[in-house]
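The values are calculated or read from the model by the stated rules, or taken from the named source; none is laboratory data. Keep in mind the model is a prediction, meaning the values are calculated, not measured. Because the Cβ atoms are built from the backbone with ideal geometry, glycine has one as well, and the counts that use them run over all protein chains shown.
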Amino acid sequence: MKDVANWSKNDFQAYVLLYAASADFVVNEVEQNMIKDKISESDFSSMQAHFEKDSDYGRLQKIILYKELHAPEKSEMEHLLGEVVALFKSDGKYDTLEQNLLGALRKLLR
């Protein structure tokens with residue numbers, strides 16, 4: 001598996017979207033397909049393997065580390081947050097857990 005320092009933007013995008021999709025503790029098929037539409041199947045599989053082996057704390061640490069190492073532009077982070085919102089709404093509900101996670105991701109990614 002790739003080290004965070006070697007992640008591409010697509011890897012990071014997939015990881016953050018998987019993190020967001022799990023906000024309500026269920027990554028459903030609609031959410032998975034939405035993520036797969038944005039990245040290759042191999043990138044999705046790789047990031048899903050990373051994601052599944054990490055604890056919640058480890059997931060946050062990887063997101064923070066990527067941001068520190070690669071210093072993505074603010075516009076890239078805003079775009080990613082927009083994708084997170086679209087992902088949250090893709091299953092027809094936007095619950096409190098998702099709203100709270102969006103607030104936390106805004107703080108982490110800005």
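Restricting the first member to segment 26-42 and to residues that are on the phi < 0 side of the Ramachandran plot and hydrophobic (A, V, I, L, M, F, W, C), and the second to residues that are in a loop (DSSP other than H, G, I, E, B) and surrounded by 14 or more Cβ atoms within 10 Å (Cβ to Cβ), the beta-carbon pairs closer than 7 Å and six or more apart or on different chains are 30/90; 30/91; 34/90. With a requirement of 2 or more residues that are touching a Lys or Arg at 6+ places or on another chain (Cβ under 7 Å), the helices (runs of 4 or more DSSP H) lying completely within segment 13-70 that satisfy it span 41-53. Looking only at segment 83-110, which residues are among the hydroxyl-bearing types (Ser, Thr, Tyr) and exposed (fewer than 13 other Cβ atoms within 10 Å of the Cβ)? Once the filter is applied, which keeps residues that are among the hydroxyl-bearing types (Ser, Thr, Tyr) and exposed (fewer than 13 other Cβ atoms within 10 Å of the Cβ), segment 83-110 yields only 96. Residues of segment 1-53 that are farther than 18 Å from residue 72 by Cα and of a type in the set (Gly, Ala, Ser): 20, 21, 22, 23, 40, 42, 45, 46, 49. The residue pairs whose first member lies in segment 47-62 and is in contact (Cβ under 8 Å) with a residue 40 or more places away in the chain, whose second member is outside any helix (DSSP H, G or I), and whose beta carbons are closer than 6 Å, counting only pairs six or more residues apart or on different chains, are 50/1. Taking the criterion of being more than 27 Å from residue 96 (Cβ to Cβ) and either small (Gly, Ala, Ser) or surrounded by fewer than 17 Cβ atoms within 10 Å (Cβ to Cβ) (or both), the residues of segment 25-50 that qualify are 40, 41, 42, 45, 46, 49.
Whenever a residue of segment 71-95 is closer than 23 Å to residue 6 by Cα, its partners that are acidic (Asp, Glu) and at pLDDT 90 or above, lying with C-beta atoms within less than 9 angstrom and at least six residues away or across chains, give the pairs 84/98.
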